[in-house]
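Read the structure below first, then the notes.
The values are calculated or read from the model by the stated rules, or taken from the named source; none is laboratory data. Every value quoted in this text rests on a predicted model; they were computed, and no experiment measured them. Here Cβ is always computed from backbone atoms with ideal geometry, including for glycine, and neighbour counts include all displayed protein chains. In case anyone asks, the SASA skips ligands and DNA or RNA and just uses the protein heavy atoms, side chains included. Shrake-Rupley method; radii C 1.70, N 1.55, O 1.52, S 1.80 Å.
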Amino acid sequence: MARMKIEFQHQYSKRHGLTLRQRLVAHLPRYAHAASKLAPLLNLRDAIPGAAWLTEKLFGLSARRSLPRWSTSPLPSASPQVFPCPRSGEGEKKVVLFIDTFSRYFERENAQAATEVLEAAGYQVEIAAPADNGRPLCCGRTFLAAGLVEEAKVEARRMLQALKPYVERGITVVGLEPSCLLTLRDEYLAMGFGDEAVQLAARALLFEEFIAARADAGEFRLELAPLAIDAALLHGHCHQKAFDAMPAVHKVLQMIPGLKVKTVESSCCGMAGSFGYEAEHFDVSMRMAELSLLPAVRKATPETMVVADGTSCRHQIHDGSGREALHVARVLQMALKK
């Protein structure tokens, strides 16, 4: 279905062009670095009376929807590192962390938490960085959503070039945002990159998938302590469900002593990328969330932790219930024995 939408958007945009809103969303990874310098000003949109109304009139972004808050100290792009030819088994305790645009510029705490957890388990964490020392890497997802396939391929080539040294040495690429990391395992295979994309797809895992797989192999050990709360309500991102990654999230959360995990039986949260931000789709977005997700969150006790790995899912939960949902990396970080 996602590929069908991309193809439709591609043909439609060629014939009719893109709206300003579509361009703003699609090109976010390319201007985010510059925009982040204006974080305090941009974050006033939800604080100044009338500002949300103005953004709806200008860009079609619903005034009833809050916007993601820009980090005032986004993560920098690390320098690329190419490993020397490894000896047998040398890459076993190394991972390369792909920090997506959303984690870099809006929720840097997720990347920091993932790094801390992986290092606590004895892994050396390298940050994926562009081979050209230019702007940070992007999977191309925002371009694909707008049907800008050629622009997405530009980003894909940068990703493939940057990650090739790791993949060739058998080092796993770990990602945090399901829609971004799983682009490497899905759309990249349909872009005509051949064996290079196939090899990357075989080495690309979500944070929770990596931990669950290593734990099953007896190669991932963490000293975790019980949390102050003993229950977690888990919501799955659509990409996690499509790639059967939800059992991995459940397994990872159950590594925390005494934590009882309940999964919300729901379909899409209603955000679907930028869909839920669009003024004409806000009501539909909220009705989707009200089918099961938001009622389940509201019924949860204040002592129950809400967990969601998708950035748009967390945003929907916040706007619809006032509750803060956490990425699984932050939950594990909280449980680390200090």
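Tally Lys and Arg at +1 and Asp and Glu at -1 over the other residues with C-beta under 9 Å from the C-beta of residue 201: what net charge comes out? Each step should come with its number before you reach the end.
Values: positive: 185, 203; negative: 186.
Neighbour charge sum, excluding residue 201 itself: +1.
Using the Cα gyration tensor of the chain, with a ≥ b ≥ c the square roots of its eigenvalues, what is the shape: rounded (a/c below 1.5), prolate (a/b larger than b/c) or oblate (neither)? Could you put the intermediate results ahead of the total?
Details: a/c = 1.62, a/b = 1.12, b/c = 1.45.
Judged from the Cα gyration tensor, the chain comes out oblate (a/c at least 1.5, b/c at or above a/b).
Using a Gaussian network model of the chain with C-alpha springs under 10 Å, which one of 245, 34, 128 is most mobile by mean-square fluctuation?
Top of the fluctuation ranking is 34.
Go through 164/337; 260/338; 94/337; 241/299 and tell me which ones have a Cα-Cα distance over 28 Å in this structure. Working shown, then result.
On the way: 164/337 35 Å; 260/338 22 Å; 94/337 22 Å; 241/299 23 Å.
Pairs exceeding the cut-off: 164/337.
With an 8 Å Cα cut-off and a minimum separation of 6 or more residues, compute the relative contact order for the chain in percent. Mind dumping the intermediate values first?
Values: 543 pairs, mean separation 58.9, N = 338.
Relative CO of the chain lands at 17 percent.
Could you tell me which of 226, 73, 213 has its Cα farthest along the dipole of the chain towards the positive end, charges placed at Cβ (Lys, Arg +1; Asp, Glu -1), taken about the Cα centre?
73
Accessible surface of residue 41 in the full protein assembly, 1.4 angstrom probe, to the nearest 10 Å²?
Estimated to the nearest 10 Å², residue 41 gives 110 Å².
What is the percent carbon and sulfur in the accessible area of the stretch 175-292, measuring with a 1.4 Å probe over the protein chains and ignoring ligands?
Working: 2680 of 5020 Å².
Carbon plus sulfur share of accessible area: 53 percent.
Once a ≥ b ≥ c are taken as the square roots of the eigenvalues of the Cα gyration tensor of the stretch 83-189, is the result rounded (a/c under 1.5), prolate (a/b larger than b/c) or oblate (a/b not larger than b/c)? Display every interim value, and only then the final one.
On the way: a/c = 2.10, a/b = 1.39, b/c = 1.51.
Cα axes put the stretch 83-189 in the oblate bin.
So what's the back-of-envelope 222 nm ellipticity for the chain, counting only DSSP H runs of four-plus at -39500 (n - 2.57) apiece and dividing by all residues, rounded to 500? Intermediate values should be presented prior to the final figure.
Numbers: 18 runs with 158 residues, N = 338.
My calculation for the chain gives -13000 deg cm²/dmol from helical runs alone.
Residue 255 accessible area, nearest 10 Å², 1.4 Å probe?
60
Of 19, 245, 123, which is farthest towards the positive pole of the chain's charge dipole, taken about the Cα centre with +1 and -1 on the beta-carbons of Lys, Arg and Asp, Glu respectively?
Of the listed residues, the answer is 19.
Could you give the longest part of the chain that holds none of the GluC sites (Glu not before Pro) found in DSSP loops with at most 12 neighbouring Cβ atoms within 10 Å? Kindly include the intermediate steps, with their values, before the conclusion.
Details: sites that count: 223, 265, 303, 324.
After excluding every exposed loop site, the longest remaining stretch is 1-222.
Could you give the size of the charge dipole of the chain about its Cα centre, using +1 on the Cβ of each K and R and -1 on the Cβ of each D and E, expressed in debye and rounded to the nearest 20? Walk me through the numbers before you get to the answer.
Details: 41 positive and 37 negative charges, 113 e Å.
Taking the Cα centre of the chain as origin, the dipole is about 540 debye.
Under the rule a/c < 1.5 gives rounded, and otherwise a/b versus b/c splits prolate from oblate, where does the stretch 200-338 land using the Cα gyration tensor?
Values: a/c = 2.43, a/b = 1.44, b/c = 1.69.
Oblate.
At 7 Å along Cα-to-Cβ for each site, give me the label-to-label distance between residue 223 and residue 283 in nm.
A separation of 5.7 nm, rounded to one decimal place.
Can you send over the solvent-accessible area of residue 198, 1.4 Å probe, protein chains only, in Å² to the nearest 10?
80
Less than 12 Å Cβ to Cβ from residue 212, Lys/Arg counted +1 and Asp/Glu -1: what total charge do the surrounding residues give? Please report the intermediate quantities before stating the final value.
On the way: positive: 214, 251; negative: 208, 209, 216, 219, 244.
Computed value for this residue: -3.
Sort 323, 104, 158 by accessible area with a 1.4 Å probe, largest first. Before the final figure, lay out each step's value.
Values: 323 55, 104 5, 158 30 Å².
Sorted by accessible area, descending: 323, 158, 104.
Work through the residues other than residue 224 whose Cβ is under 14 Å from its Cβ and net out their charges, Lys, Arg +1 and Asp, Glu -1.
Details: positive: 221, 251, 330, 337, 338; negative: 116, 223, 230.
Net charge in that neighbourhood comes out at +2.
About its Cα centre, what dipole magnitude does the stretch 214-338 give when the only charges are +1 on Lys and Arg Cβ and -1 on Asp and Glu Cβ, stated in debye to the nearest 20?
Numbers: 14 positive and 14 negative charges, 98 e Å.
The calculated dipole for the stretch 214-338 is roughly 480 debye.
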